[in-house]
Amino acid sequence: MQENILSLSYGKVTSQTLLFSEKLLLQSGKYIENYELVIETYGKLNYNKTNAILICHALNASHHVAGFYTDDLKNIGWWDNMVGPNKPIDTNKFFVIGINNLGSCFGSTGPKSINSLSGKEYGANFPFLTVEDWVNAQKKVLDYLQIEKLAAIIGGSLGGMQALSWSLQYPDKLDNCIIIASTSKLSAQNIAFNEVARQAILTDPKYHLGNYYEYNTIPEHGLKLARMLGHITYLSNEDMASKFGRELKFDQYQYSFEAEFEIESYLRHQAKKFSQYFDANTYLLITKALDYFDPAKKYGQGDLNQGLAGVMCKFLIISFTTDWRFPSSCSIEIVKSLIHNKKSVSYANINTPHGHDAFLLENIHYHKIMANYINHIFKEVK
């Protein structure tokens, strides 16, 4: 089974760590210097350097977009079904870049990294970040690669926010922007979900005000609860009903607080797995960056039409019918503002039972739309 999966994968990949000594000014007014960003690339950059596509990752993903590592064959890229030879994002045609965001826990400088000034982990002293900060850091990578303009920027969920922000921060640096299962700002309900998740971590006795590394422990309980809550919002009711329904682990009720329903067991399993590889401080930073994102406020005094007036690229916006985390109405709001500004925009609302997670999964209609749009981009690459 593993061999079959690997044969369909992009193939063997290696990551690269880039060091940036120049200070990066953050939206908070603070700055970070001597920071590292981990990247992976797929395919080949053409002579004119016009065939580059940047993939922006979501909350718990990373630079590892496609392929597998020779020393860890099970660690297959989070979008391997989308990126690779003859796949919708075709690496026979494009040079694809994955960048691990600043503040992450997958190699780029983050709370777990050593602060050169103190000689200890940043911990709670790592500065707050915004989507705009991530985009500015990603731009440093493109400068390093000497890529003047991207054929496209693509992102799902939080990655879609980064893609949208690119079109505003560097409007002349991309030809196409593909935003999938995303939004121009979080709803009050989404901010509320994030706050409950953060409180689960912040109130864990093992959190130690964010400096739990010094105590050689992690706020595992809080991180598990945060993941369980978040995971529920990624799935649709239809999907959960189909996968789990009210199925029991045993033949009858056990009258206990242990996991009796299959959905309970699934959530606990996902939570435990997440707590073993993801950093709590990173989770706090990323969810706060999600909350802060609001280009209408930043660029348009609260008016999205005004906020998106300065974009220059073409857009493809994709949403999913059962996504209640970022429902189709969020995508339609972006589409309407782009139309208001007479910008080039295509929109698709994909019928699927898989909720927010649908942007990560294979779907024939979804993949065809992506492939058709990206093939059209290739025709314009010179």
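For segment 192-212, which residues satisfy the criterion of being crowded, with 18+ Cβ neighbours inside 10 Å and more than 23 Å from Leu290 (Cα to Cα)? First the steps, then the outcome.
If we filter segment 192-212 for residues that are crowded, with 18+ Cβ neighbours inside 10 Å, which is where we start, we get 193-194, 197-198, 200-201, 204, 207, 210, 212.
Matches in segment 192-212: Tyr212 only.
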Gln199 vs. criteria at pLDDT 95 or above, within 13 Å of the chain's Cα centre (by Cα) and farther than 15 Å from Thr233 by Cβ: no
Near pairs, Cβ below 6 angstrom, 6+ apart or cross-chain, from segment 295-318 (modelled with pLDDT of 95 or more) to any residue that is among the β-branched types (Val, Ile, Thr): Phe315/Val345; Leu316/Ile178; Ile317/Ile179; Ile317/Ile334; Ile317/Val335; Ile318/Ile180
Residue within segment 308-322 that is in the same structural domain as Phe128 (by TED's automatic domain parsing) and in a helix (DSSP H, G or I) present: no
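Only one of Ile339, Ile364, Ile318, Ile332 is within 17 Å of the chain's Cα centre (by Cα) and aliphatic (A, V, I, L, M); which?
On the way: Ile339 fails: within 17 Å of the chain's Cα centre (by Cα); Ile364 fails: within 17 Å of the chain's Cα centre (by Cα); Ile332 fails: within 17 Å of the chain's Cα centre (by Cα).
Result: Ile318 is the single residue among Ile339, Ile364, Ile318, Ile332 that is within 17 Å of the chain's Cα centre (by Cα) and aliphatic (A, V, I, L, M).
Quick check on my filter: what residues within segment 277-307 are among the aromatic types (Phe, Trp, Tyr) and either in a helix (DSSP H, G or I) or more than 22 Å from Ile179 (Cβ to Cβ) (or both)?
Just the residues of segment 277-307 that are among the aromatic types (Phe, Trp, Tyr), to begin with: 277-278, 283, 292-293, 299.
Those that are among the aromatic types (Phe, Trp, Tyr) and either in a helix (DSSP H, G or I) or more than 22 Å from Ile179 (Cβ to Cβ) (or both): Tyr277, Phe278, Tyr283, Tyr292, Tyr299.
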Residue match in segment 46-65 (condition: assigned by TED's automatic domain parsing to the domain that holds Leu18 and in contact with a Pro (Cβ under 8 Å, 6 or more places away or on another chain)): no
Test: Glu132 is closer than 21 Å to Tyr292 by Cα, assigned to a helix (DSSP H, G or I), of a type outside the set (Gly, Ala, Ser) and in contact (Cβ under 8 Å) with a residue 24 or more places away in the chain: yes
Single residue of segment 278-323 satisfying the filter (among the hydroxyl-bearing types (Ser, Thr, Tyr) and in contact with a Cys (Cβ under 8 Å, 6 or more places away or on another chain)) that is farthest from Asp172 (Cα to Cα): Thr282
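Among the residues of segment 112-153, count how many are of a type in the set (Phe, Trp, Tyr), closer than 20 Å to Cys56 by Cβ and surrounded by fewer than 24 Cβ atoms within 10 Å (Cβ to Cβ).
So the count comes out to 2.
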Which listed residue, of Glu36, Glu40, is out of contact with any Phe, Trp or Tyr (no Cβ under 6 Å at 6 or more places or on another chain), under 24 Å from Ser157 (Cβ atoms), not assigned by TED's automatic domain parsing to the domain that holds Thr217 and not in a loop (DSSP other than H, G, I, E, B): Glu40
Filtered residues of segment 154-187 (kept if over 18 Å from Pro327 (Cα atoms), touching a residue at least 40 places away in the same chain (Cβ under 8 Å) and surrounded by fewer than 24 Cβ atoms within 10 Å (Cβ to Cβ)): Leu168, Pro171, Asp172, Leu174, Asp175, Asn176
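The values are calculated or read from the model by the stated rules, or taken from the named source; none is laboratory data. Bear in mind that the values here come from a model prediction, so they are computed numbers and not experimental data. Cβ atoms come from the backbone with ideal geometry, glycine included; neighbour counts cover every protein chain shown.
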